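Here is the structure we will look at, set down as structure tokens.
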Amino acid sequence: MSEKSANAMWGGRFSAGPDAIMEAINASIGYDKRLAPQDITGSRAHAAMLAAVGILTKDDAAAIDSGLAQVLAEIEAGEFAFSTALEDIHMNVEARLRDLIGPAAGRLHTARSRNDQVAVDFRMWVRDQCDTAIAGLEALMRAFLTQAEAGADWVMPGFTHLQTAQPVTWGHHMLAYVEMFARDRSRFIDARARMNECPLGAAALAGTSFPIDRHMTAQALGFDRPTANSLDSVSDRDFALEYLSAASICAMHLSRFAEELVIWSSAQFRFVRMSDRFSTGSSIMPQKRNPDAAELLRAKLGRILGATVALFTIMKGLPLTYSKDMQEDKEQVFDAADNLALGLAAMEGMVSDLTANRAALEAAAASGFSTATDLADWLVRELNLPFREAHHVTGSLVKLAEDKGCDLPDLSLTEMQKVHGEITDAVYSVLGVYNSVASRTSYGGTAPDNVRAQIARWKEVLV
């Protein structure tokens, strides 16, 4: 198609077509061709509605519908020739439809604009990405539940400031991520529900004088209702921003566990072994097993968060309604969605393949005076000491153990009684790591029975 005929697609206002630079900056077909399935689905629903209300003849509607089906088949088969001269997916589809069915193709655009057309296409695409994220998160949560169930009563160190704090169970640590990813899942569910309103029929910005049935197209496209304000319908991208915001939080959670995998798989920790599927070797050091998949996933947050910031920046200064700046809304969302889906799948694989080193976890759980808080609690409970005094006594016992180069359970009763004379040998019952975790029975605590109860609850949720 010539530049002149391409120019005719969007009107007779201009006597000359765009030059090469303008064509390059104006065209979006290089990336918005990903919207082809949504664009054609929306157009078929629009044509059916136009026929139902008498704006299109049944013959024209049938020709448009069959022609659009053929266009989609060509695109899916990789036989469609996309043209930058035709700017975007909408014009490319319409031009090919005109080749196939003739002048009737021109009637398809009655009572709509590219403004509401792209709004509905993009909204449907983002809605699909919410569904993809929800499915990916549920699969990942199940992988964490499997790990939690296998090690519900295994002990490991719980950390603050990456310093040993108190013993916890492996299952409890795995369930912490189930909770995080469950909130991510709920954010995508909420975002999907909020975006499920159909902007088609808002036209350029003011609605249309044609007697269209927006409820019909909304229902046909799986929306709950049509959008209520035509200006808002074509001018906002908060549905995409909300998706990106949820994606950024989710990617942050992925990155946090990726960081733990990097630390835990090191020779210094040896808490876990990552499978060969998600590790690589070194070109020069044959002993190395590099957690490259975790490191790459950790970096994905930068791209996804960057996409979020980019779209916020694009939208922040735009007056109502549509501005061409909004053409720049899609590449960031496409890239973020691709990377989130990849990240969720990769993390599910890493967690499913992960082998925890129970012996190393248990040895580390007992290090660093991890039961010091249990000792302080015992002093409060059994000797009725104020907590601050119990804290001071415990600190003195920790220093004594440090000076001797031993752990708290290795101190003799005589040594403990020199610090506080009322301590009895019953104190040793709280100094073991298994006793420590078993005692944390408060709701949400690390006790194995609590862990198993939470696993059962989540299994019911994720049926």
Worksheet, complete the sentence: In whole percent, the fraction of accessible protein surface over the stretch 367-462 that belongs to carbon or sulfur atoms, probe radius 1.4 Å, stands at 53 percent
Worksheet item: Taking N as the number of residues in the stretch 266-402, what is its alpha-carbon radius of gyration divided by 2.2 N^0.38 Å?
Response: 1.77
Worksheet item: How about LYS58: which lysines have a C-alpha closer than 20 Å to its C-alpha, ignoring those fewer than 8 places off in the same chain?
Response: none
Practice prompt. Using only Cα atoms, locate the centre of the stretch 86-146 and the centre of the stretch 413-463, then give the distance between them in Å, rounded to an integer.
Written response: 54 Å
Worksheet entry | Whole-Å distance, taken between Cα centres, linking the stretch 181-243 and the stretch 309-368 | 25 Å
Discussion item. Sort 115-125, 78-88 by packing, meaning the average of other beta carbons within 10 Å per residue, with the highest value first.
Written reply: 115-125, 78-88
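List the relative contact order of the chain as a percent without decimals, with contacts defined as Cα pairs under 8 Å and 6+ residues apart.
Relative contact order here is 17 percent.
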Discussion item. Could you compute how fast the stretch 42-192 diffuses translationally, taking Rh as the Kirkwood radius over C-alpha pairs and applying Stokes-Einstein at 4 °C with viscosity 1.567 mPa s? Give it in µm² per second.
Written reply: 66 µm²/s
Worksheet entry | Radius of gyration and maximum dimension Dmax of the stretch 108-170, Cα, Å | 23.1, 68
Worksheet item: Counting DSSP beta bridges with both partners in the stretch 115-363, what percentage is antiparallel, nearest 5?
Response: 80 percent
Worksheet item: Helix 36-52: angle to the longest alpha-carbon principal axis of the chain, degrees 0 to 90, nearest 10?
Response: 50 degrees
Worksheet item: Against the longest principal axis of the chain, how steep is helix 89-101, in degrees 0 to 90 to the nearest 10, with axes from Cα atoms?
Response: 40 degrees
Discussion item. 5 Å is the cut-off here: which amide hydrogens, built 1.01 Å from N in the peptide plane, fall below it relative to VAL168, excluding neighbours closer than 5 in sequence?
Written reply: MET156, GLY158
Item to complete: Taking each pair of different alpha-carbon atoms in the stretch 115-363 once, compute 1/r for the pair, average those values, and report the inverse of that mean as the Kirkwood hydrodynamic radius in Å to one decimal.
Response: 20.1 Å
Fill in: Antiparallel %, DSSP beta bridges [both residues in the chain], to 5
80 percent
Practice prompt. Give the carbon-plus-sulfur fraction of the accessible surface of the stretch 20-107 in %, rounded to a whole number; probe 1.4 Å, heavy atoms of protein chains only.
Written response: 54 percent
Worksheet, complete the sentence: Percent of all Cα-Cα pairs per 10 Å bin for the stretch 20-107, counting from 0 up to the last occupied bin, reads 18, 48, 27, 7, 0
Item to complete: Rounded to the nearest 10 degrees, what's the angle between the helix 448-461 long axis and the longest principal axis of the chain, both from Cα atoms, 0 to 90?
Response: 10 degrees
Worksheet, complete the sentence: Computed over the chain, the convex hull of the Cα set has an average projected area, in nm², of 30.0 nm²
Item to complete: State in Å² the accessible area per residue of the chain; use a 1.4 Å probe, count heavy atoms of protein chains only, and round to the nearest integer.
Response: 46 Å²
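With only alpha-carbon atoms in the gyration tensor, what are the semi-axes of the equivalent ellipsoid for the stretch 329-435, in Å, largest first? Show your work: numbers first, answer last.
Details: eigenvalues 432, 59, 28 Å².
That gives 46, 17, 12 Å for the three semi-axes.
The values are calculated or read from the model by the stated rules, or taken from the named source; none is laboratory data. Please read these numbers as outputs of a predicted model, since none were measured by experiment. Note that we place each Cβ from the backbone using ideal geometry, even for glycine, and neighbour counts take in every protein chain shown. When the accessible area is computed, the model is the full protein with side chains, heavy atoms only, and any ligands, DNA or RNA have been set aside. Shrake-Rupley method; radii C 1.70, N 1.55, O 1.52, S 1.80 Å.
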